[in-house]
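One structure is given here, and the rest of the page talks about it.
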Amino acid sequence: MRFDNDSYSIEVGTFVMNNHHGLLRMGIVEDMRIDENGWAMYKVNFLEDEIYQRNKTFHSEISGKDEFQYEHRRDQLVKVNPQWLQNVVNAYEEIKDV
């Protein structure tokens, strides 16, 4: 999901992905903090995230508690280079109708 010369660091503004129970979510890091256990915790603005939102709203309604995850540990996120992702989509477009 990155080019060879890309760093692994995740900072505010980094494009990332998260795989939540088979649901691939992609978004942009909005904030970062270090928690009491030393983990880097990130708030992410996920894009095109309606499926996750509907799922968590449903689970919140039936459980009676907030089921949303508002922060993600560093090990729950993968940095994605947007140009790499564009290259993947372009490759798909080239071969999908072959």
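Work out the count of Lys pairs in the chain where the Cα-Cα distance is under 28 Å, with the pair 8 or more places apart or on different chains.
Within the chain, the lysine pair count is 6.
Taking N as the number of residues in the range 15-95, what value does Rg over Cα atoms divided by 2.2 N^0.38 Å take? The partial results should precede the final answer.
Numbers: Rg = 15.0 Å, N = 81, 2.2 N^0.38 = 11.7 Å.
Expressed relative to 2.2 N^0.38 Å, the Cα Rg reads 1.29.
Taking only Cα atoms, what is the 0 to 90° angle, nearest 10, from helix 50-63's long axis to the longest principal axis of the chain?
On a 0 to 90 degree scale, this one is about 20.
Lys and Arg at +1, Asp and Glu at -1: add these up for the other residues within a Cβ distance under 12 Å of Phe46 and post the number.
-1
Starting from the Cα gyration tensor of the range 46-88, take the square roots of the eigenvalues, sort them a ≥ b ≥ c, and report rounded, prolate or oblate (rounded when a/c is under 1.5, otherwise prolate if a/b is larger than b/c, else oblate).
In terms of gyration-tensor shape, oblate.
Given +1 on the Cβ of Lys and Arg, -1 on the Cβ of Asp and Glu, and no further charges, what dipole in debye does the chain carry about its Cα centre, rounded to the nearest 20?
160
No lab work stands behind these numbers, since they all come straight from the coordinates. Computed from a predicted model, the values in this text were never measured in an experiment. Don't worry about glycine lacking a Cβ; one is built from the backbone with ideal geometry, like all the others, and counts go over all protein chains shown.
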